[in-house]
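Report on the following structure.
The values are calculated or read from the model by the stated rules, or taken from the named source; none is laboratory data. From a predicted model like this one, the values you see are computed outputs, not experimental measurements. Cβ placement follows ideal geometry from the backbone for every residue including glycine, while neighbour counts extend to all protein chains displayed.
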Amino acid sequence: MPRVSVIMPVFNAADYLMAALESIAAQTYDDWELVAVDDGSTDASPDILAKCDDARIRVVRQENAGVSAALNTGLQHAQGELIARLDADDIAAPHRLAVQVEFLDRHPKIDGVGSWVRYIDGAGRPLSGGIRRATTPLAVQRALVLGSPLSHPTVLLRRLFFDRHGAYLVGARHVEDYDLWVRAGREARLANLPWPLVDYRVHDTAVGVTASDEQRRNAAQVARRALDILPRRDSLFRRWLAGRQGGRWLRDESRAWPRETTREATDLDFITLGTAGAKALVSRRWRLAVEIACETAGFATVRPGAVWRFAVRHLWRLRRYYREAAGARLPRETT
């Protein structure tokens with residue numbers, strides 16, 4: 001029985017499917033299976049899947065029912081104790097599974113781990129930019145009020161996570177992952193690794209392009225639920241201690257990271273906590289805003305460099321904006 005089951009929903013992805021399959025076959029960690037769920041594809045995707053001669057790749061076919069239903073079908077057929085995700089148009093780095101499995105082995109209390117993402121175009125060429133998320137479990141949890149804190153194609157989750165919190169909700173169109181993280185709420189401990197382990201393909205038929213408006217509307221509804229369920233109602237001193245513990249966790253974990261990676265991850269966590277607190281304040285969730293403020297203060301006692309770097313950048317922006325505004329108000333002298 002394989003330890004890792006990779007679930008890949010497939011729907012009309014013939015142009016990119018082979019690259020995704022090959023990226024899993026090339027993993028340096030070899031104790032895996034791939035459950036490819038053909039969700040009623042009408043292009044050449046079924047033929048590509050039929051040609052796979054790797055015994056670790058299993059194909060399940062169903063009538064078209066959407067991504068959430070395909071993911072739930074994959075969960076039913078998965079045999080591993082760890083569940084990984086990959087979309088049929090993305091590419092996993094060769095060391096992705098090895099790095100994430102090693103991380104979960106070192107942190108038995110962490111329920112799942114994602115990573116940062118690099119953008120590629122339809123031809124597989126790197127693009128500028130990517131997706132960078134908060135790293136520590138504390139910051140990831142508080143980021144729920146802002147949006148999905150994990151990039152779904154990058155996650156590796158323990159099967160127990162689904163046993164506790166349920167499968168994907170079919171009605172959560174295009175936000176099935178975000179809905180799952182919010183349902184897990186305060187109980188789950190999720191983290192991100194601060195380097196890209198998946199190449200996310202940007203193309204015209206991606207859901208983020210074809211259904212972007214619906215995705216934003218549904219995400220806003222899930223974010224409102226997150227604002228209601230995240231307050232913990234315990235002492236503010238405990239929240240300060242939780243923030244301090246989060247800072248220590250990041251400090252200890254980042255000892256083996258490059259210096260620039262550590263700095264960027266620390267800044268992202270601090271900014272995420274601050275932004276989540278501001279969102280709670282604007283939304284009049286007073287208790288949540290105070291809790292996050294206490295956590296941010298506790299985090300800052302361990303990572304003071306992040307505070308100073310954030311303050312310097314913020315003050316520099318204020319100074320620049322002031323000079324631009326003053327220049328616009330005052331007429332120039334003429335001779």
Every residue in segment 258-296 that is touching a residue at least 12 places away in the same chain (Cβ under 8 Å) and not in a helix (DSSP H, G or I), please.
Ser283, Arg285
When segment 113-134 is checked residue by residue, the ones that are buried (at least 24 other Cβ atoms within 10 Å of the Cβ) and in contact with a Leu (Cβ under 6 Å, 6 or more places away or on another chain) are Val113, Gly114, Ser115, Ala134
Please find, among Asp87, Asp15, the residue that is among the acidic types (Asp, Glu), part of a loop (DSSP other than H, G, I, E, B) and in contact with a helix residue (DSSP H, G or I) (Cβ under 6 Å, 6 or more places away or on another chain).
Asp87
If we keep only residues of segment 18-72 that are of a type in the set (A, V, I, L, M, F, W, C), in contact (Cβ under 8 Å) with a residue 60 or more places away in the chain and over 30 Å from Gly171 (Cβ atoms), then the residue surrounded by the fewest Cβ atoms within 10 Å (Cβ to Cβ) is Ala26
Which residue is nearest to Leu127 (Cα to Cα), if the candidates are limited to segment 203-224 and must be buried (at least 16 other Cβ atoms within 10 Å of the Cβ) and either modelled with pLDDT of 90 or more or β-branched (Val, Ile, Thr) (or both)?
Ala219
Tell me which strands (runs of 3 or more DSSP E) are completely within segment 99-167 and hold 2 or more residues being in contact with a strand residue (DSSP E or B) (Cβ under 9 Å, 6 or more places away or on another chain) and at pLDDT 95 or above, or say none if there are none.
112-120, 156-158
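Listed here are the residues, each with its yes/no results for (1) in a helix (DSSP H, G or I); (2) touching a Pro at 6+ places or on another chain (Cβ under 7 Å).
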| residue | (1), (2) |
| --- | --- |
| Ile24 | yes, no |
| Tyr29 | no, no |
| Val35 | no, no |
| Cys52 | no, no |
| Ala55 | no, no |
| Arg58 | no, no |
| Asn64 | no, no |
| Leu71 | yes, yes |
